[in-house]
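The values are calculated or read from the model by the stated rules, or taken from the named source; none is laboratory data. Just so we're clear, the structure is a prediction, and the values are computed from it rather than from any experiment. Every residue, glycine among them, receives a Cβ derived from its backbone with ideal geometry; neighbour counts consider all protein chains shown.
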Amino acid sequence: MKLSVYEQLKRSILDGKLAAGQPLVESQLADAYGVSRTPIREALHRLQQDGIVERGDRGLRVAEGSAEQILEIYEARVVLEAAVCESAARRRTEMDVARLHGILEASPRDNPSASEMVASNMQFHEAVWQASHNGTWVDLLSRLNTHLRRYPSTTLTAPGRWEEALEEHAALLAAIERGDAEAASSIGRAHMTKARDVRLRMWREQHAGEAALS
């Protein structure tokens, strides 16, 4: 099935084909995607609402990332992950627990690639979200994850972080399985707080290197 113009533009931004700060000119995009300017205008409006397109001095552009935005995203995600983990411990079914065990057991451990780690990590987190049986939290976390996808590097490639994340996943699953809501919430909060700290360190190191080269 052909993707909508909105989905095509969104994917191009999240995949980095349209770089941060790049101007988004309706007429040029209409030519590139083979459509009229109306669906382009509607797609840009939705992407602006999503927060991945912003208005600059000369019109719309791909939103720039910042350390402040990373903090804002993670402030929200830390709170939501703690809540969703607590809910998962209270509401999980046997099927939810079995699914989480299967994902954790299948997680790559022998020198995995960045893409393998990202896919496995996302699969585990999405299964925890589903185990909460709270559609609103799932929707909010999915939106926050969209914002994080604009930062292509993954925290899981930091030395030792993948192994640590797997241990945290195992501890979280154990808390969910035994119905310990308080422990699940605490583990979820700590897990995402560590991810935030690694993400900020990576951001600072990247931009310090760019400044040195300029």
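The table for this structure:
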read-out: Out of A106, A76, sole residue that is closer than 22 Å to D139 by Cα and among the hydrophobic types (A, V, I, L, M, F, W, C); value: A76
read-out: Sole residue being outside the structural domain of Q206 (by TED's automatic domain parsing), of a type outside the set (V, I, T) and in contact with a Phe, Trp or Tyr (Cβ under 6 Å, 6 or more places away or on another chain), chosen from R46, R41, R37, R58; value: R46
read-out: Number of the exception - I73 against (1) surrounded by fewer than 18 Cβ atoms within 10 Å (Cβ to Cβ); (2) assigned by TED's automatic domain parsing to the domain that holds P159; (3) farther than 30 Å from R178 by Cβ; value: (1)
read-out: Where a residue in the stretch 135-149 is assigned by TED's automatic domain parsing to the domain that holds F124 and its partner, wherever it lies, is in a loop (DSSP other than H, G, I, E, B), with Cβ under 8 Å and at least six apart; value: T146/I52; H147/G51; H147/I52
read-out: Test result for A119, of a type in the set (A, V, I, L, M), more than 17 Å from V84 (Cβ to Cβ) and outside the structural domain of D50 (by TED's automatic domain parsing); value: yes
read-out: Helices (runs of 4 or more DSSP H) contained entirely in the stretch 18-91, each with at least 3 residues that are acidic (D, E); value: 67-91
